[in-house]
Structures are given as C-alpha cells and as structure tokens.
Amino acid sequence: MNRRDFLTSAAASASLGPAVFAAARKAGRAPSVLLRSSWQSVNIGDIGHTPGALSLLYRHFPEVEITLWPGNLGHGSREFLTKAYPQLRIVEGSLGKDERPTNARLAQAWAETDLYLSGSGSGFPASNHAVAFRRATGKPVGVFGVSTDPISGIGAGRDPEGGTLASLRERALKLPPTHLAADLRFILDQAAFFFCRDTISRDYLKSQGVRTPILEFGPDAQLGMPLRDDTRGLAWLKERGLEPGKFICVIPRLRYTPYYKIRNTARTKDDETRDAINDRTTERDHAKVRAMIESYVRATGQKVMICAEMTYQVEMGREVLVNPLPSDVKRHVVWRDTYWLPDEAASIYAQAQCVISLECHSPLIALHQGTPTFYVRQPTDTCKGQMYRDFGANDWFFEVDEADGPLLWSRLETIVKDPAAARAKARAIMAGVENRQRRMVQAVREACGA
C-alpha cells in the first residue's frame, strides 16, 4: 500500500483496525519514534520537556526519525520547536470513541512508527492513548521520565495537603498491591521500558508488582534541553542592568495552580478546596523567600530578578515577592513583567549566580547550564521533587515547611562566597544525569530494534 492509498483508506474508515496499522512495515527505513509530549504551553517546564527529549534522542540516536504528537503548542512553542528542529514532523489529532485516531495523518503515524514514547510529565500524561496504541498496533510503548504520585492532590484516597517526600514515600509503599487501575496496570506491564523521574515513583510501582522489564530512575527530560536564546536573553539583561554572575533569579508558586482561571472555566468545589489552601499558605511560603532576598541584597549589594515559570506567576511575582519588600531592598529588584520561552530562560539562568525556585523545572533548566540552583518544594507538588535527591542535589533541595529565610540565605551565602565550587558541583550533578540519559536512549534504541 502506497502513502496515497493508505491515506485514502484511513480517511474513509470509521474504525481503523490492526490490519491498517500493520500496513506500513520497517522495510529498510530509518527507526521511527512517535513522541507524545508538549502537554501544555502555560509552563516553560512543559514546553521544555519536548526539546529535552528531542535533543537527547537526536544526540544519542542520530539515525532516528521523530514525529511529535503534541498536547498543546501555544505561546510560541510551535515556532520554537520547528526553528530548533527543522527535521521534526508534527502530527496532531485525538482518538474517537473506538480509541482509534480520528484523522488520517495520526493514523499513518501510528502505522509507521516503531515505538510510542511518552514524554516527561506528572502522572503518566495521556496514558489512555498509550493503552489504545498498544492494543491497536501491538507495537512497543516506552515512558521517558514521569512521576506517579498516588498520594498528593484532589481525588479519592489522596491528600489535598500533600506532605514531605519522606511521608509520601512511606504512604505510597503501604498501599495494597492492587492499587493501580486496570488500564494503567495493563500498559505498565506491557511497556518496553518505564523510566520514573524519581525513586518514590519507581519504588511505588515496584511495590505494585509492575512487570515491565525496565523500571528504573530516569531524570526529567527537561534536563536534556540545551537550547538558549542569547540574543534576546543577554539584551534583556543589559537593558535591566543585570550583570553576569551578580544577580539571582527567584520564581514564586502557589501550592495549587489555578487552572480554572488560566483556562477560563467554571470554578468547581475542588477548585474551592485548592484556593483555600493557597489563601492559607501563600504568604507564609513566600515570606521565607523574601527574608532570603533581603539578606542577599544587604550582604552583597547585588540584584534580584523576579521571574515566572508559569503564566500566572508573572503578576504573582510582583504581588508576593516585590511589593512587600522594604524600600532599601526593593530598589535592587528587577521584575520581569512578561512570560517567556525556555530558551530565553536558559540564557538568563546561565548568567545568574543562583536560581531559587518554588517551581520544579526552572532549577532543571539552570542545572543544564551549570548554574547552582535551589528547589524549595511545597507539600502539594507531588513526589517529583525526589529527583533532586536522586541526582545528588540534596544540599540545594528544601521542603518549604521545614525551611526558613536564614536557612535559605546560609546555603546561598555559601554559593556567593565560592561560586566556582558551586558551579563545579552543578557540572558534577549533570555528569551523573547524562549517564542516566544515555541509558534511557539506549532503551529507546533497543525497543525500536536498532
């Protein structure tokens, strides 16, 4: 069957069966991967997962052909990806009630690929699509650095207040071995490999008796993203009077992201619960960070950049970090009043003395650039923060409810006093990460039969 005949038959078919998906065989062509990623674009972490995975695959598996099946490519992320990876093919679409692709291009991608690869995210995003793909095609499915937190959040059996990583691990490992939903257990058992971006997720799945042959720690794909926009980033720093190595970046976060506001949807009872937690904790969380900012500015006379990882945090940064500061400190603070893409963030983080974030992914962007970074984890932010301990950044990881301003400043002061040693530590962390990344791509190669 040639491509034209395939598209015609696929478009005409209301229900595409396994025979259609088996129509296009390997037959001497390059190995092919269908990457399911780009879950949303209101977070530079979710944007950055995709170029992280692409760069790792192209670097360690250069003969591979990749088709991206994205969730959302807004906020300039489509142009960002196509400019950086002109060879990348993008196919969009959804599944019908029969769990088959609703358009011919997506059906063709299913037929031609050797491997469905699910990109990094929380809770195995679009796992139902991986299940449908496996059942329809019989082809391998692999997972590239996700977290599976069965404890935190809103829903049956979950704790909306979350907890420390230690408490999450303890509770997850006490769950009965029948805890996984049937479809999720099916795809976990069927997966060619499943890399968890934290060892809590890995150990939880092991305790559930998951039978994938490769169930290992594999860092978040964001750590593979090398892209920088130095033209834009360095120009922005110059305009704001920020000198390389003489400023820190600080990123705020609510304990729960107000997605109903971002997406302009109706507020639910679960949103009311999340908002109540945010209202009770936002000032308490950020007062600690402000105390660190005050100590840094008064000790060094250097500047602080307040920026965002998610769209809603642009204005939030001004409200909870800039405005409450005393005047002698505030004049050293630069507020970024716009959202950005991860390549510009990487360019600026590369020039910072340190990046301090209540969000999880800006520190990963900074680490790839060799910049020291703190992740100040809130108890509602799932178990993914365990990855910082897993790859050796424990001294730069903090539970917000166990930290205070003096502790944050004392760790930051160590970096200020010996920036070369701190950068050497960041490079050493990345060297270990890169070893794991090679292992992850090797699993992809083997699943593709390369």
Original post:
Which of the residues that make up region 366-385 are more than 17 Å from VAL289 (Cα to Cα) and in contact with a strand residue (DSSP E or B) (Cβ under 8 Å, 6 or more places away or on another chain)?
Top reply: ALA366, LEU367, THR371, THR380, ASP381, THR382, CYS383, LYS384, GLY385
Original post:
Any residue at all in region 324-338 that is crowded, with 19+ Cβ neighbours inside 10 Å, under 24 Å from THR281 (Cα atoms) and in contact with a strand residue (DSSP E or B) (Cβ under 6 Å, 6 or more places away or on another chain)?
Top reply: yes
Subject >> Unmet requirement for GLN40, which otherwise passes all of (1) modelled with pLDDT of 95 or more; (2) assigned to a loop (DSSP other than H, G, I, E, B); (3) surrounded by 18 or more Cβ atoms within 10 Å (Cβ to Cβ); (4) more than 14 Å from the chain's Cα centre (by Cα) >> reply: (4)
**OP:** Starting from region 73-87, take each residue that is within 10 Å of SER41 (Cα to Cα) and touching a residue at least 40 places away in the same chain (Cβ under 8 Å) and list its partners that are part of a loop (DSSP other than H, G, I, E, B) and among the small types (Gly, Ala, Ser), counting only C-beta distances under 6 angstrom and pairs at least six apart or across chains.
**Re:** HIS75/SER41; SER77/SER41
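Consider ARG232 carefully, then state whether it is within 23 Å of PRO363 (Cα to Cα), modelled with pLDDT of 95 or more, surrounded by fewer than 18 Cβ atoms within 10 Å (Cβ to Cβ) and not polar (S, T, N, Q).
yes
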Original post:
Here are ARG439, ARG423, ARG427: which of them is under 23 Å from ILE365 (Cβ atoms), in contact with a strand residue (DSSP E or B) (Cβ under 8 Å, 6 or more places away or on another chain) and modelled with pLDDT of 95 or more?
Top reply: ARG439
**OP:** Select from region 291-311 the residues that are touching a Pro at 6+ places or on another chain (Cβ under 9 Å) and either under 14 Å from ARG331 (Cβ atoms) or surrounded by fewer than 20 Cβ atoms within 10 Å (Cβ to Cβ) (or both) and list them in ascending order.
**Re:** ALA291, GLU294, SER295, ILE306
Original post:
Just wondering, is there one or more residues in region 187-202 that are in contact (Cβ under 8 Å) with a residue 24 or more places away in the chain, surrounded by fewer than 19 Cβ atoms within 10 Å (Cβ to Cβ) and of a type in the set (Phe, Trp, Tyr)?
Top reply: no
Original post:
Within region 169-185, restricting attention to residues that are small (Gly, Ala, Ser) and in a helix (DSSP H, G or I), which residue is farthest from VAL143 (Cα to Cα)?
Top reply: ALA172
Original post:
Of all residues in region 330-359, which are part of a strand (DSSP E or B) and within 9 Å of CYS249 (Cβ to Cβ)?
Top reply: CYS354, VAL355, ILE356, SER357
Original post:
Wholly within region 52-145, which helices (runs of 4 or more DSSP H) include no fewer than the required count, namely at least 2 residues that are surrounded by fewer than 18 Cβ atoms within 10 Å (Cβ to Cβ)?
Top reply: 77-84, 127-137
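In region 399-445, what count of residues is obtained for those that are free of Cβ contacts under 8 Å to residues at least 24 places away in the same chain and either part of a helix (DSSP H, G or I) or aromatic (Phe, Trp, Tyr) (or both)?
Of all residues in region 399-445, those free of Cβ contacts under 8 Å to residues at least 24 places away in the same chain come to 407, 410, 414, 417-418, 420-421, 424, 431, 434-435.
Pick out the ones that are also either part of a helix (DSSP H, G or I) or aromatic (Phe, Trp, Tyr) (or both) and you get 407, 410, 414, 417, 420-421, 424, 431, 434-435.
Residues flagged as free of Cβ contacts under 8 Å to residues at least 24 places away in the same chain and either part of a helix (DSSP H, G or I) or aromatic (Phe, Trp, Tyr) (or both) within region 399-445 amount to 10.
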**OP:** Could you please find all residues in region 186-216 being closer than 23 Å to GLN386 by Cα and either among the polar types (S, T, N, Q) or assigned to a helix (DSSP H, G or I) (or both)?
**Re:** LEU188, THR199, ILE200, SER201, ARG202, ASP203, TYR204, LEU205, LYS206, SER207, GLN208, THR212
Original post:
Any chance region 217-236 includes a residue that's among the aromatic types (Phe, Trp, Tyr), assigned to a strand (DSSP E or B) and out of contact with any Leu (no Cβ under 8 Å at 6 or more places or on another chain)?
Top reply: yes
Original post:
Only one residue in GLY93, GLY71, GLY76 is in the same structural domain as ALA132 (by TED's automatic domain parsing) and over 25 Å from ALA136 (Cα atoms). Which one?
Top reply: GLY76
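The values are calculated or read from the model by the stated rules, or taken from the named source; none is laboratory data. The model shown is predicted, which means the values in this text are computed figures rather than measured ones. Here the Cβ is made from the backbone with ideal geometry for all residues, glycine too, and neighbour counts use every protein chain on show.
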